[in-house]
Ligand SMILES: [Zn+2]
């Protein structure tokens with residue numbers, strides 16, 4: 001099972017899970033379509049993979065506390 005969570009001033013901490021990265025992607029995509037429509041599919045894939053730009057966003061500023069990458073759970 002893969003996990004991820006999103007922290008943003010516009011909503012409380014939200015947890016996502018999926019059997020694998022593809023299922024996790026669909027769960028996150030359903031949320032970002034509503035809450036973060038500016039994120040592209042490739043950006044979401046990069047977030048799951050733990051891209052350097054996302055690690056910075058996830059550990060500092062308004063999104064601090066978000067998962068820096070997908071994790072096993
Ligand atoms: Zn969010």
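Just to check your reading of the model, which residue among 50, 61, 65 is on the phi > 0 side of the Ramachandran plot and touching a strand residue (DSSP E or B) at 6+ places or on another chain (Cβ under 8 Å)?
Among 50, 61, 65, only 65 is on the phi > 0 side of the Ramachandran plot and touching a strand residue (DSSP E or B) at 6+ places or on another chain (Cβ under 8 Å).
For residues that are free of Cβ contacts under 8 Å to residues at least 40 places away in the same chain, touching a strand residue (DSSP E or B) at 6+ places or on another chain (Cβ under 9 Å) and within 9 Å of the ligand (Cβ to nearest atom), tally how many sit in region 1-38.
Total meeting the criteria: 6.
Is it the case that region 21-34 has a residue that's outside any helix (DSSP H, G or I) and surrounded by 15 or more Cβ atoms within 10 Å (Cβ to Cβ)?
The answer is no; no qualifying residue exists.
Need the failing condition index for residue 66 against (1) under 9 Å from the mean Cα position of the chain (by Cα); (2) more than 13 Å from the ligand (Cβ to nearest atom); (3) in contact (Cβ under 8 Å) with a residue 60 or more places away in the chain, just the number.
Here residue 66 clears every test but (2).
Here is a check on your reading of the model: is residue 44 within 15 Å of the ligand (Cβ to nearest atom), farther than 13 Å from residue 71 by Cα and assigned to a helix (DSSP H, G or I)?
yes
FYI, it's all coordinate maths here, none of it is from the lab. As the structure is a prediction and not an experimental result, all values here were calculated from the model. Positions of Cβ are generated from backbone atoms using ideal geometry, with glycine treated the same way; all protein chains shown enter the neighbour counts.
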